[in-house]
Ligand code: BJW
Ligand code: ZN
């Protein structure tokens, strides 16, 4: 959901939060689909449009769906990949990259598969749910970034001829071990934890804010809508990430100017 500028402008950035950010030793940010909404990438739980309007993403993002109809699932990802390739990082992604450059330690944990944080200049992005830019062979596990979209969908593995699938994490699948271990370690070490643009319903990512709080972090949510995590937050900024994050970073480091747009 997008907010009108006037509405987000009315949200005050608390001075106590700005101070906490300036003093933080380790800032950890968990992001979800909402941070990319202002780049034109549809969120996961918002109604789909066009060809895909009749399908529920939660039913397409499963191993069962792929086993039943690999072509349909592959084509859904091909459609989303096209949208993502046309998209550019927005002011929210750029403000987080600026934050990374200004705090002693910074960890960016994302559930997104769109690589927009990396394109915005974040260096240490922990991808919990994989990336749409990579495919993986279901037979030999070979990862590839280069394949040809042709008549055959899904395309075949360049190494063994097995079927390719997107290198993402579907419901019922384990998250990549290293990524999850790094995310949990960073969360336990955080003194300031942001949850940005996520509905906080998909586990294990949804457990991270609670873990952060249990280990002593100050917790902040940036989301125009309430989520199951809202009640546990120290600060709630109910607005669009692309408007709130640049204001927060500019308040903490006035030498930084938010990108125009
Ligand atoms: C804005 C905005 C703006 C809009 N600014 N904000 C414990 C309890 C209950 C269930 C489970 C549990 N543990 C595990 C489960 C099962 C399951 C689960 O969580 N189910 C729940 C739905 C109940 N989890 C799993 O299956 C996970 N696997 C697992 O736990 O494995 C265990 C295992 C161990 C060992 C062996 C085997 C198994 C895997 C979860 C994988 C999730 N995958 C997906 C698809 C990825 C690929 C793809 O994109 O296609 O990940 S599902 C989908 O949801 C995607 C997202 O990353 C994820 C989260 O969604 P997100 O990012 O929060 O998006 P939305 O759309 O939901 O919300 C957007 C938000 O933005 C909204 O709040 C808006 O208001 C806001 N917004 N505009 C700021 N401008
Ligand atoms: Zn293969």
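Is it the case that residue 175 is within 19 Å of the chain's Cα centre (by Cα), in a loop (DSSP other than H, G, I, E, B), crowded, with 17+ Cβ neighbours inside 10 Å and within 16 Å of ligand 1 (Cβ to nearest atom)?
yes
Listed here are the residues, each with its yes/no results for (1) surrounded by 13 or more Cβ atoms within 10 Å (Cβ to Cβ); (2) part of a helix (DSSP H, G or I); (3) touching a residue at least 40 places away in the same chain (Cβ under 8 Å); (4) away from ligand 2 (no atom under 16 Å from the Cβ).
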| position | (1), (2), (3), (4) |
| --- | --- |
| 148 | no, no, no, no |
| 167 | yes, no, no, no |
| 181 | no, yes, no, yes |
| 206 | yes, yes, no, yes |
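Restricting to segment 221-237, name every residue that is surrounded by fewer than 24 Cβ atoms within 10 Å (Cβ to Cβ) and touching a strand residue (DSSP E or B) at 6+ places or on another chain (Cβ under 8 Å).
If the condition is that a residue be surrounded by fewer than 24 Cβ atoms within 10 Å (Cβ to Cβ) and touching a strand residue (DSSP E or B) at 6+ places or on another chain (Cβ under 8 Å), then 227, 229, 230, 232, 233, 234, 235, 236 are the ones that fit.
I'm trying to understand the selection: among the residues of segment 84-101, which are closer than 15 Å to residue 247 by Cα and assigned to a helix (DSSP H, G or I)?
Selection gives 91, 92, 93, 94, 95, 96, 97, 98, 99.
Any chance you could count how many residues in segment 113-143 are in a strand (DSSP E or B), more than 9 Å from ligand 2 (Cβ to nearest atom) and either more than 27 Å from residue 98 (Cα to Cα) or at pLDDT below 95 (or both)? Break it down into steps so the answer makes sense when it comes.
First, the residues of segment 113-143 that are in a strand (DSSP E or B): 125-127, 130-137, 143.
Keeping just the survivors that are more than 9 Å from ligand 2 (Cβ to nearest atom) gives 125-127, 130-135, 143.
Checking which are either more than 27 Å from residue 98 (Cα to Cα) or at pLDDT below 95 (or both) leaves us with 135, 143.
Residues meeting the conditions: 2.
Does segment 188-204 hold any residues that are over 16 Å from residue 32 (Cα atoms) and outside any strand (DSSP E or B), and which are they?
Those that are over 16 Å from residue 32 (Cα atoms) and outside any strand (DSSP E or B): 188, 189, 190, 191.
Go through the residues of segment 156-163 one by one and say whether even a single one is within 16 Å of ligand 2 (Cβ to nearest atom) and on the phi > 0 side of the Ramachandran plot. Working first, answer last.
Of the residues in segment 156-163, the ones within 16 Å of ligand 2 (Cβ to nearest atom) are 156-163.
Next, only the ones that are on the phi > 0 side of the Ramachandran plot stay: 161.
There is at least one residue in segment 156-163 that is within 16 Å of ligand 2 (Cβ to nearest atom) and on the phi > 0 side of the Ramachandran plot.
The values are calculated or read from the model by the stated rules, or taken from the named source; none is laboratory data. Keep in mind that this is a model prediction, so the values were computed, not measured. Note: ideal-geometry Cβ built from the backbone for every residue, glycine included; neighbour counts use all protein chains shown.
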